[in-house]
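The values are calculated or read from the model by the stated rules, or taken from the named source; none is laboratory data. Predicted model, so just to flag it, every value in this text is computed and none were measured. Don't worry about glycine lacking a Cβ; one is built from the backbone with ideal geometry, like all the others, and counts go over all protein chains shown. Ligands, DNA and RNA are excluded from the accessible area calculation, which covers all protein heavy atoms including side chains. Shrake-Rupley method; radii C 1.70, N 1.55, O 1.52, S 1.80 Å.
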Amino acid sequence: MTKSVKKKVRRGTKKNNVILREKALANGNVSLYLSIYRDNERTYEFLKLYVNSKARTPIERESNRETLELAEKIRTQRESELNHSFHNQISPAKLKIGYFNYAENYLKEYTKKDFRMVKGVVEKFKAFIGEVYKRDRELKLSEIDRALMIKFVEYLKSKSIGEGAHSYFQRFKKILNHAVDQGLIMKSPAFKVECKADRELRKDILSNDEIAILAKTPCKNPNIKRAFIFSCCTGLRFCDIKELRFTDIDFASNRLSIDQQKTGHIANIDLNPSAIKILLEQRIENEDLVFILPTSAGCNDTVDAWVKRAGINKHITWHCARHSFAVNLLTSPERPDIKTVSSTLGHTGLKHTEKYTRVV
């Protein structure tokens, strides 16, 4: 490396929090990285920036100069962030970060099974900002405060029923807590803002007689029809029905075992003759997935038209199949106890099952 390059790379003294350093590579280039001293600990950040130690031509030297300038800008930014953090402040660069850009990047790296709910609450927050505040420009993370969170809770409750608002707001809190961990905000504006779940069941329920009527009523998509009836027989959510595989089913014992997407807990379900019949019909058509289904919205539209064709005057969505299964199970001649029903539904606690006992 030339002396001029070394001089620029060695910039900084021992008292600096962030120092730009170099590492010689086997190919003759030099990798630039940051040595960061924070809370009595030394960490390193490799910038994936490289300079040519054998630069000879004006173009090569100019390329080295531009790379070093960029590395120095990054070093200065990191040091600013450290200094602001030490004094419990957010650096000016982080104050400019927009919520929706941040949320979009968060979703790209999010791999947990409740991805659909997390993405949903980001979309609902965007709709809330547009409807309530009539603005479409980027909202900065630093502009989100407690008052805004209280209004957002009211908005979610006006747009949801049952536990929907609570479930969405819990995911929204998760995004904000991640922003705190990243040092983008000092404290979550949703801290101690509550969105209590409505434990009362408000969705319409299909009786066993109505399910039988639906089974006899033609549906424009027979695959959706069989999948919905299967939900009524097993209590599986749409997300689990869509991912259900024949490998999840033990035909010898007529038992289904599935890792639920929403909770991550295993649900073990004994299959009745109607459910077995549907599975055998599907096995003729498919090999891996039991049901080949379109989107949730598309399925709900088909179910809505099908229910109306059957002459059932109720607002039925796919999730109503799960609720119908639970209520019909509790009112069956066998009268299983609440723990059995809770285990069959794959609930993590009895509090989620109690709403069905109140309906009964």
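Observations on the structure shown:
- The residues on offer are 22, 60, 45, 79, and the sole one that is open to solvent by 30 Å² or more (accessible area, probe 1.4 Å), assigned to a helix (DSSP H, G or I) and at pLDDT 85 or above is 60.
For (1) part of a loop (DSSP other than H, G, I, E, B); (2) among the charged types (D, E, K, R), each residue gets a yes or a no:
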{"residue": "269", "(1), (2)": "no, no"}
{"residue": "275", "(1), (2)": "no, no"}
{"residue": "284", "(1), (2)": "no, no"}
{"residue": "291", "(1), (2)": "yes, no"}
{"residue": "301", "(1), (2)": "no, yes"}
{"residue": "304", "(1), (2)": "no, yes"}
{"residue": "315", "(1), (2)": "yes, no"}
{"residue": "322", "(1), (2)": "no, yes"}
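- Residues in region 287-346 that are among the β-branched types (Val, Ile, Thr) and modelled with pLDDT under 80: 5 in all.
- So residue 94, is it modelled with pLDDT under 90, of a type in the set (Lys, Arg) and at negative phi: yes
- Scan of region 56-73 for residues that are touching a residue at least 24 places away in the same chain (Cβ under 8 Å), out of contact with any Leu (no Cβ under 6 Å at 6 or more places or on another chain) and within 12 Å of residue 20 (Cα to Cα), ordered by number: 68, 72
- Condition met for residue 283 (under 21 Å from residue 244 (Cβ atoms), at pLDDT 65 or above, in contact with a Gly (Cβ under 6 Å, 6 or more places away or on another chain) and of a type in the set (D, E, K, R)): no
- Some residue of region 68-75 being within 22 Å of residue 179 (Cα to Cα) and modelled with pLDDT of 75 or more: yes
- Hits in region 19-65 - residues which are within 23 Å of residue 81 (Cα to Cα) and among the acidic types (Asp, Glu): 22, 39, 41, 45
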